[in-house]
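Here's the structure, in structure tokens; my notes come after.
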Amino acid sequence: MLRITLFDDEMREDLFPLSLSRSCADFRWGILTIREKWEKVLNSAVHIKTVDYLQPLYGNATHPVEVNSRLLPNNDFIKQLSNLCAGDAIYKGEVLLARNGTNESKRVEYTGEVVLLSNLWDIFQFNAREIESDFQILTSGRSSQKLSSTNQVFGKHPVFLEEGAKVECAIFNTTDGPIYLAKDSEVMEGAMIRGPFALGEHSQVKMGARIYSGSSFGPHCKVGGEVSNSVIFGYSNKGHEGFLGNSVLGEWCNLGADTNNSNLKNNYDEVRLWNYRKKSFVKTGLQFCGLIMGDHSKSGINTMFNTGTVVGFSSNIFGAGFPRNFIPSFSWGGAAGIELYTLPKALQTAQRVMARRGVELTEVHKNIFKVIENIEK
């Protein structure tokens, strides 16, 4: 059995703020995280090797065969990986894809196709594709739980319910892709959902919600209003009216009632997005690009986010008008001005938020807050 360690490379900084608080292996892309995709394909647990301040989240990494944590598995690459000798390293151009041991003695160029998570916008741009791929992995050879007759379904793709999923009086359009409802999830009355779509364990789509193709919500989320082509990693809420489009939210986020984001500029121009490593806005090549929000960040009611806005880790945004397009971590305020969201207050809020879901804010988590605060000073 092939056992691997997923390692973070220096390009993780291009994926800030979401990689400030997790390995790239724990990015949700489709239904599953990258780590979960590898575990499903290999049928074994994988180890994680990341930066020092995040490593305590993952324990020791001991498997000598290491694979780039931004890389998605495919059968051809796994075959080559299985034959990797000690000292061998597989590259795609200048990107290290895998190695057997850290002492490289032989470089092998991989000529096949690979999918690497390289930009924050890749997450929503290719999320529909990943939902369909993960759907096949999760449902192949299995039968769905029965869908209540109160629901209306049309389209050529399936709706798959895991055990305990509750759905009544909803409308599902599977013309463009499947719909996956995880264990103990719930879709409330009047919700309208277009596939491809995925709802995580213990997550909830609220009454009358309108969810468009290419959206996936991780575990323990509550989502209402209008959502299009967006990914929510988990443990986050967008429970009220308001629009979220072409966006990615981390964990422990909360969007206040009637929070809206723009995903298209009024002049239809290409959207630029803040890049932490380059310390500047970079071209996305996209006409549609919305909000990227790091873990533990929140917005007050009626908050408006402009096209291509990046909000860092543990920020609290509120007030009238559009705040700036890049809001650093530990920010408190909005368009009228930003001040420091002090670490003691941020930790106090995080502890309360996590306790409501039965999750402890450990000393490891507290240290991560402290390190991230210093990273952006």
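Things worth noting here:
- Neighbour counting of Cβ atoms within 10 Å sorts the residues Asp76, Asp88, Asp258, fewest neighbours leading, into Asp76, Asp258, Asp88.
- Relative to the compact-globule estimate of 2.2 N^0.38 Å, the Cα radius of gyration of segment 145-249 comes out at 0.92.
- Charge-dipole axis of the chain as Lys and Arg at +1 and Asp and Glu at -1 on Cβ define it, positive-most pick from Phe77, Ile171, Val67: Ile171
- Peptides 322-329, 63-70, 93-100 ordered by average Cβ neighbours within 10 Å, highest first: 63-70, 322-329, 93-100
- Cβ-based exposure ranking for Tyr180, Tyr58, Tyr91, Tyr276, in which fewest neighbours within 10 Å come first: Tyr91, Tyr58, Tyr276, Tyr180
- In terms of Cα atoms, the Rg and Dmax of segment 1-77 work out to 11.7, 35 Å.
- With 20 Å bins from 0: P(r) over the chain, alpha-carbon pairs, percent: 29, 58, 13, 0
- Whole-Å semi-axes of segment 34-131's equivalent ellipsoid (Cα gyration tensor): 21, 18, 14
- Residues whose amide H falls under 5 Å from that of Asn151, counting only those 5 or more places apart or on a different chain, are Cys169, Ala170, with hydrogens built in the peptide plane.
- Listed pairs Lys183/Lys206; Lys345/Lys366; Lys40/Lys79; Lys156/Lys238; Lys37/Lys366 exceeding 22 Å between Cα atoms: Lys156/Lys238; Lys37/Lys366
- Per-residue Cβ neighbour rank within 10 angstrom, fewest leading, Trp332, Trp29, Trp38: Trp332, Trp38, Trp29
- Rotationally averaged projected area of segment 200-240 (alpha carbon convex hull; nm²): 2.3
Only the coordinates and a few stated rules stand behind these numbers; no lab work does. On a predicted model such as this, the values are computed, not experimentally measured, just so you know. A quick note on method: Cβ atoms are made from the backbone with ideal geometry, for glycine too, and the neighbour counts reach across all protein chains shown.
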